[in-house]
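Here's the structure we're looking at; comments come further down.
The values are calculated or read from the model by the stated rules, or taken from the named source; none is laboratory data. Predicted, not measured: the structure shown is a model, and the values here were computed from it. Every residue, glycine among them, receives a Cβ derived from its backbone with ideal geometry; neighbour counts consider all protein chains shown. SASA here: full protein model, heavy atoms, side chains in, ligands and nucleic acids out. Shrake-Rupley method; radii C 1.70, N 1.55, O 1.52, S 1.80 Å.
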Amino acid sequence: MGNLIGAVENWVKLQDQGECYFFIADYHALTTAYADTKALKEDIKQVALDLLSAGLDPDKCVLFKQSDVPEHAELHLLFSMITPLSWLERVPSYKGKIAELKEKDLGTYGFLGYPVLQAADILIYKATHVPVGEDQLPHLELTREIARRFNYLYKAIFPEPQGDLTAFPVLPGLDGRKMSKSYQNTIAISDPPATVRKKVGSMVTDPERIKRDDKGHPDICPVYAYYRIFAGSQLNKAAAECQAATRGCVECKKELAGSLVDYLAPLHARRAKLEKDHHGVEKILAAGAQKAREAAARTLLEAKKEVGLA
Ligand code: SF4
């Protein structure tokens with residue numbers, strides 16, 4: 001849900017505003033999950049279902065699976081020839097992620113080169129705008145530097161893409177930390193209502209409110225962070241009742257769970273429809289890959305010609 005609120009809802013709006021390419025980053029998934037790929041195929045299908053049920057429309061945007069467009073990998077190879085190691089080592093998320101996922105061996109070329117593949121993902125479509133969160137800005141800056149270096153060494157064929165920074169609301173995880181699968185504190189948009197209710201019931205609340213008649217502090221309560229997005233006109237009432245201790249955390253969570261279930265209901269209905277068509281998702285991704293490859297092959301050929309390979 002964090003990804004839905006923080007990114008995908010914005011993508012759904014963007015598909016009405018311009019030519020958009022969205023892909024399921026399965027090559028990128030391998031950079032951290034290379035050792036165990038048993039669930040990869042099913043994960044790809046589930047991500048596609050999430051995106052489609054959230055409102056990405058294959059008639060309005062190009063939706064595909066990254067590895068179905070091998071031009072991404074080939075442009076990545078060309079870019080890897082011109083990208084200094086020092087640029088990659090200074091990307092802030094590089095050391096941070098290694099520390100966060102210390103149970104995995106991330107001392108691989110693929111993990112270090114992740115931002116180079118990202119540059120290829122963007123520049124293969126000559127994208128001019130990329131919707132990003134603030135934490136992704138250093139990666140986008142690297143994409144701009146790689147484009148600049150290619151343009152300087154060979155010919156100016158790549159635009160320097162701009163980041164579209166939208167003030168995305170941030171949903172905390174169930175334990176109050178950043179919502180992340182690695183922390184197992186997520187609410188999935190495919191979670192059935194009973195699971196959503198159970199998960200919301202387990203959420204941490206204001207740590208200073210120990211007893212029912214203690215006055216609460218909504219500003220430090222993760223549950224209230226959800227209210228800011230889902231409570232609508234009830235937001236101020238909920239805060240006032242919490243501060244006056246006239247609202248208990250159990251009822252507060254029940255009310256939130258009800259709002260989330262209502263919010264997810266149309267997404268679940270769309271998902272159920274998609275799941276009925278047995279090969280529907282595969283067909284959508286295959287058609288998207290075909291469209292993406294036309295654009296990607298043009299750019300790759302142009303780049304290879306400038307390098308002297310074609
Ligand atoms: S009443 Fe609601 S907002 Fe207040 S502390 Fe409890 S869960 Fe949080």
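Which of the residues belonging to the stretch 259-281 are of a type outside the set (A, V, I, L, M) and in contact (Cβ under 8 Å) with a residue 24 or more places away in the chain? Give the derivation first.
Within the stretch 259-281, the subset of a type outside the set (A, V, I, L, M) is 259, 262-263, 266, 268, 270-271, 273, 275-280.
Of everything in the stretch 259-281, those that are of a type outside the set (A, V, I, L, M) and in contact (Cβ under 8 Å) with a residue 24 or more places away in the chain turn out to be S259, Y263, H268, R270, R271, E275.
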Check on G280, surrounded by 14 or more Cβ atoms within 10 Å (Cβ to Cβ), under 16 Å from K45 (Cα atoms) and at pLDDT below 95: yes
Selection status of R148, among the basic types (K, R) and at pLDDT below 95: no
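Sort through L264, L285 and tell me the only one that's under 23 Å from the mean Cα position of the chain (by Cα), closer than 20 Å to V62 by Cα, assigned to a helix (DSSP H, G or I) and of a type in the set (A, V, I, L, M). Lay out the reasoning, then the answer.
Numbers: L264 fails: closer than 20 Å to V62 by Cα.
Of the residues listed, the single one that is under 23 Å from the mean Cα position of the chain (by Cα), closer than 20 Å to V62 by Cα, assigned to a helix (DSSP H, G or I) and of a type in the set (A, V, I, L, M) is L285.
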Some residue of the stretch 156-165 being surrounded by 15 or more Cβ atoms within 10 Å (Cβ to Cβ) and without any contact (Cβ under 8 Å) to a residue 24 or more places away in the chain: yes
The stretch 17-47: number of residues that are open to solvent by 70 Å² or more (accessible area, probe 1.4 Å) and either among the hydrophobic types (A, V, I, L, M, F, W, C) or closer than 18 Å to K291 by Cβ (or both): 2
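For every residue, the table says whether it meets (1) open to solvent by 30 Å² or more (accessible area, probe 1.4 Å); (2) of a type in the set (V, I, T); (3) touching a residue at least 12 places away in the same chain (Cβ under 8 Å); (4) within 19 Å of A7 (Cα to Cα).
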position: L52; (1), (2), (3), (4): no, no, yes, yes
position: V62; (1), (2), (3), (4): no, yes, yes, yes
position: P92; (1), (2), (3), (4): yes, no, yes, no
position: K95; (1), (2), (3), (4): yes, no, no, no
Residue list for the stretch 219-255, restricted to those being within 20 Å of N185 (Cα to Cα), within 8 Å of the ligand (Cβ to nearest atom) and aliphatic (A, V, I, L, M): V223
Spans of helices (runs of 4 or more DSSP H) in the stretch 1-109 with at least 1 residues closer than 20 Å to K283 by Cα and of a type in the set (K, R): 40-54
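May I ask you to verify whether K102 is surrounded by fewer than 14 Cβ atoms within 10 Å (Cβ to Cβ), modelled with pLDDT of 95 or more and out of contact with any Leu (no Cβ under 6 Å at 6 or more places or on another chain)? Don't jump to the end; show me each part of the working.
On the way: surrounded by fewer than 14 Cβ atoms within 10 Å (Cβ to Cβ): yes; modelled with pLDDT of 95 or more: no; out of contact with any Leu (no Cβ under 6 Å at 6 or more places or on another chain): yes.
Spelling it out, it is not the case that K102 is surrounded by fewer than 14 Cβ atoms within 10 Å (Cβ to Cβ), modelled with pLDDT of 95 or more and out of contact with any Leu (no Cβ under 6 Å at 6 or more places or on another chain).
Among the residues of the stretch 176-192 satisfying the criterion of being out of contact with any Gly (no Cβ under 9 Å at 6 or more places or on another chain) and of a type outside the set (A, V, I, L, M), which is least open to solvent (accessible area, probe 1.4 Å)?
From the stretch 176-192, those out of contact with any Gly (no Cβ under 9 Å at 6 or more places or on another chain) are 176-177, 181-182, 188-192; that's our starting set.
When the remaining residues are screened for being of a type outside the set (A, V, I, L, M), the result is 176-177, 181-182, 190-192.
On the way: G176: 39, R177: 115, K181: 168, S182: 69, S190: 48, D191: 20, P192: 68 Å².
Ranking the candidates gives D191 first.
Looking at the stretch 235-258, is at least one residue within 18 Å of D50 (Cβ to Cβ), open to solvent by 40 Å² or more (accessible area, probe 1.4 Å) and in contact (Cβ under 8 Å) with a residue 12 or more places away in the chain?
Among the residues of the stretch 235-258, not one is within 18 Å of D50 (Cβ to Cβ), open to solvent by 40 Å² or more (accessible area, probe 1.4 Å) and in contact (Cβ under 8 Å) with a residue 12 or more places away in the chain, which makes the answer no.
How many of the residues making up the stretch 193-203 are open to solvent by 60 Å² or more (accessible area, probe 1.4 Å) and either in contact with a helix residue (DSSP H, G or I) (Cβ under 6 Å, 6 or more places away or on another chain) or away from the ligand (no atom under 14 Å from the Cβ) (or both)? If you could, list the steps in order and put the result at the bottom.
Taking the stretch 193-203 as the starting set, the residues that turn out to be open to solvent by 60 Å² or more (accessible area, probe 1.4 Å) are 194, 197-198, 202.
Now drop any that are not either in contact with a helix residue (DSSP H, G or I) (Cβ under 6 Å, 6 or more places away or on another chain) or away from the ligand (no atom under 14 Å from the Cβ) (or both), which leaves 194, 197-198.
Within the stretch 193-203, residues that are open to solvent by 60 Å² or more (accessible area, probe 1.4 Å) and either in contact with a helix residue (DSSP H, G or I) (Cβ under 6 Å, 6 or more places away or on another chain) or away from the ligand (no atom under 14 Å from the Cβ) (or both) number 3.
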Any hit, the stretch 207-218, residues being among the basic types (K, R), surrounded by 18 or more Cβ atoms within 10 Å (Cβ to Cβ) and more than 16 Å from the ligand (Cβ to nearest atom): no
Close pairs (8 angstrom Cβ cut-off, 6 or more residues apart or separate chains): on the phi < 0 side of the Ramachandran plot in the stretch 24-46, assigned to a helix (DSSP H, G or I) and of a type in the set (S, T, Y) anywhere: D26/S67; Y27/S67; H28/Y114; T31/Y114
